[in-house]
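Engineer: Handing you a structure now.
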Amino acid sequence: MNVGVLALQGAFREHEQILRRLGQQVTQVRLPEHLEQVDRLIIPGGESTTIGKLLVAYKLVEPIRERARREMPVWGTCAGMILLAGQIIEGRPEGQPALALMDIVAQRNAFGRQLDSFEADLQIAGIAGEPFRAVFIRAPLITSVGGDAEAVATLDDGRIVAARQGRLLATAFHPELTDDTRMHELFLEM
């Protein structure tokens, strides 16, 4: 299996390191021809507006949409989650490009500024064992799920921080910033 990591901006190297630890072949995706080489794609955390503009500039929006609708599993973490959301509320810059592949509503910077970053233990559907220690940095939130999307992790207060819709996965947190490989393993099994 060849796992693609969108490498336009953000925490793509950290995802690569975990995937390589898991014995996966990894390709940095920057152009449509790179996308053609991969079996699945991770869209990392970073700045969703910047990543969205770069997706347009490098002509990746439609190729990603087409592959995701046909057969390719896609996982978005933090900014990647925002780009997967069918709707983005509060703080969406005018004209921000998005992939809009999932029936979820995302709220940008739902927890505040960088200083408001935090960690939380989560029970995640599909992951057995001890809770997953999740790192939230200027994190978004999933305010609702609809259609075929389902919440797979919530904070203790019930706010949704991860969702799945078929071959699509979205997390508001950064699993690549921990030593726990279980989220990546879950994605590889999808």
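The values are calculated or read from the model by the stated rules, or taken from the named source; none is laboratory data. This is a predicted model, so every value here is computed, not measured. Virtual Cβ from ideal backbone geometry, glycine too; neighbours counted across all protein chains shown.
Engineer: Can you spot a residue in region 146-157 that is acidic (Asp, Glu), touching a Pro at 6+ places or on another chain (Cβ under 8 Å) and under 26 Å from residue 1 (Cβ atoms)? Full working, then the answer.
Structural biologist: Of all residues in region 146-157, those acidic (Asp, Glu) come to 148, 150, 156-157.
Cutting the leftovers down to touching a Pro at 6+ places or on another chain (Cβ under 8 Å) gives us none.
No, region 146-157 contains no residue that is acidic (Asp, Glu), touching a Pro at 6+ places or on another chain (Cβ under 8 Å) and under 26 Å from residue 1 (Cβ atoms).
Engineer: Considering only residues that are farther than 17 Å from residue 35 by Cα and among the acidic types (Asp, Glu), which ones fall in region 48-100?
Structural biologist: Correct list: 90, 94.
Engineer: Cβ-Cβ below 6 Å, separation at least six or inter-chain, first residue in region 165-190 and among the small types (Gly, Ala, Ser), second in a loop (DSSP other than H, G, I, E, B): which pairs?
Structural biologist: So the pair list comes out as 172/139; 172/140.
Engineer: For region 109-146, which positions are touching a residue at least 60 places away in the same chain (Cβ under 8 Å), outside any strand (DSSP E or B) and aliphatic (A, V, I, L, M)?
Structural biologist: 110, 124, 137, 139
Engineer: Could you please let me know if residue 129 is under 19 Å from residue 87 (Cβ atoms), over 14 Å from the mean Cα position of the chain (by Cα) and at pLDDT 95 or above? Spell out how you get there, then give the answer.
Structural biologist: Details: under 19 Å from residue 87 (Cβ atoms): no; over 14 Å from the mean Cα position of the chain (by Cα): yes; at pLDDT 95 or above: yes.
For residue 129, the condition - under 19 Å from residue 87 (Cβ atoms), over 14 Å from the mean Cα position of the chain (by Cα) and at pLDDT 95 or above - is not met.
Engineer: Residues to consider are 59, 53; find the one that is of a type outside the set (Val, Ile, Thr), at positive phi and either assigned to a loop (DSSP other than H, G, I, E, B) or surrounded by fewer than 18 Cβ atoms within 10 Å (Cβ to Cβ) (or both). Full working, then the answer.
Structural biologist: Numbers: 53 fails: at positive phi.
Testing whether each residue is of a type outside the set (Val, Ile, Thr), at positive phi and either assigned to a loop (DSSP other than H, G, I, E, B) or surrounded by fewer than 18 Cβ atoms within 10 Å (Cβ to Cβ) (or both) leaves just 59.
Engineer: Could you grab me the full set of residues in region 69-108 that are outside any strand (DSSP E or B) and closer than 16 Å to residue 171 by Cβ? Walk me through it before giving the result.
Structural biologist: Residues of region 69-108 that are outside any strand (DSSP E or B), as a first pass: 69-73, 78-84, 90-101, 108.
Matches in region 69-108: 73, 78, 79, 80, 81, 82, 83, 84, 99, 101, 108.
Engineer: For residue 167, state whether it is within 19 Å of residue 83 (Cβ to Cβ), crowded, with 18+ Cβ neighbours inside 10 Å and basic (Lys, Arg).
Structural biologist: Details: within 19 Å of residue 83 (Cβ to Cβ): yes; crowded, with 18+ Cβ neighbours inside 10 Å: no; basic (Lys, Arg): yes.
Here the answer is no, as residue 167 does not meet what is asked.
Engineer: For region 121-136, give me each residue that is on the phi < 0 side of the Ramachandran plot and surrounded by fewer than 17 Cβ atoms within 10 Å (Cβ to Cβ).
Structural biologist: Matches in region 121-136: 121, 123, 125, 128, 130, 131, 133.
Engineer: While we're here: When the residues of region 143-162 are narrowed to those that are closer than 18 Å to residue 111 by Cα and hydrophobic (A, V, I, L, M, F, W, C), which ends up nearest to the chain's Cα centre (by Cα)? Lay out the reasoning, then the answer.
Structural biologist: Going residue by residue through region 143-162, those that are closer than 18 Å to residue 111 by Cα are 143-144, 153-162.
Applying the additional criterion that residues be hydrophobic (A, V, I, L, M, F, W, C) yields 153, 155, 160-162.
Working: 153: 14, 155: 17, 160: 14, 161: 11, 162: 9 Å.
Among those residues, the one meeting the criterion is 162.
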